[in-house]
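The values are calculated or read from the model by the stated rules, or taken from the named source; none is laboratory data. Source: prediction; values computed, not measured. FYI the Cβ positions are ideal-geometry reconstructions off the backbone, even for glycines, and counts take in every protein chain you see. Keep in mind that these areas ignore ligands, DNA and RNA; they rest on the heavy atoms of the full protein, side chains included. Shrake-Rupley method; radii C 1.70, N 1.55, O 1.52, S 1.80 Å.
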Amino acid sequence: GNVVLLGRNSDDVDHEMLVLRLPQGATTEILLQSPGPLLPEGVDFIGQMTVPAGGPAVLPLMNLPSGNYVVVDMLLDETGTPNMAQGYRARLVVQ
């Protein structure tokens with residue numbers, strides 16, 4: 001249950017590692033369907049770290065229960081679209 005995420009950003013803009021637990025059967029698309037800054041119902045915030053442009057970031061997550069999580073970048077690109085819509089997402093499985 002102890003996980004350390006290491007991020008390296010080779011881009012010239014900031015990104016983020018936002019770790020969430022989604023409701024059973026949900027996909028990351030649920031995050032794009034909810035307007036505003038609040039998370040959709042049933043989505044649990046686990047942790048977040050900004051990965052600065054051209055730099056590294058470390059996000060320690062302690063005592064995570066077994067389960068399926070997602071790591072996404074919900075920061076907006078220059079058009080106002082969340083980076084997650086461009087593929088900045090990954091699955092995290094804790095056993």
Please name all residue pairs, on different chains or six or more residues apart, with Cβ atoms under 7 Å, provided the first residue is in the range 62-77 and is surrounded by 20 or more Cβ atoms within 10 Å (Cβ to Cβ) and the second residue is of a type in the set (Phe, Trp, Tyr).
-> Val72/Tyr88; Asp73/Tyr88
Within the set of pairs 6+ apart or on separate chains, which have a first residue in the range 31-50 that is within 12 Å of Pro82 (Cβ to Cβ) and in contact (Cβ under 8 Å) with a residue 24 or more places away in the chain, a second that is in a strand (DSSP E or B) and open to solvent by 70 Å² or more (accessible area, probe 1.4 Å), and C-beta atoms under 8 Å apart?
-> none
Look at Met84 and say whether it is buried (at least 18 other Cβ atoms within 10 Å of the Cβ) and part of a loop (DSSP other than H, G, I, E, B).
-> no
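Of the residues that sit in the range 5-48 and are assigned to a loop (DSSP other than H, G, I, E, B) and of a type in the set (S, T, N, Q), which one is most open to solvent (accessible area, probe 1.4 Å)?
Going through the qualifying residues, I end up with Gln24.
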Residue check for Ala53: among the hydrophobic types (A, V, I, L, M, F, W, C), part of a loop (DSSP other than H, G, I, E, B) and surrounded by 12 or more Cβ atoms within 10 Å (Cβ to Cβ) = yes
Spot the failing condition for Thr28; the list is (1) within 12 Å of the chain's Cα centre (by Cα); (2) modelled with pLDDT of 95 or more, and only one is missed.
-> (2)
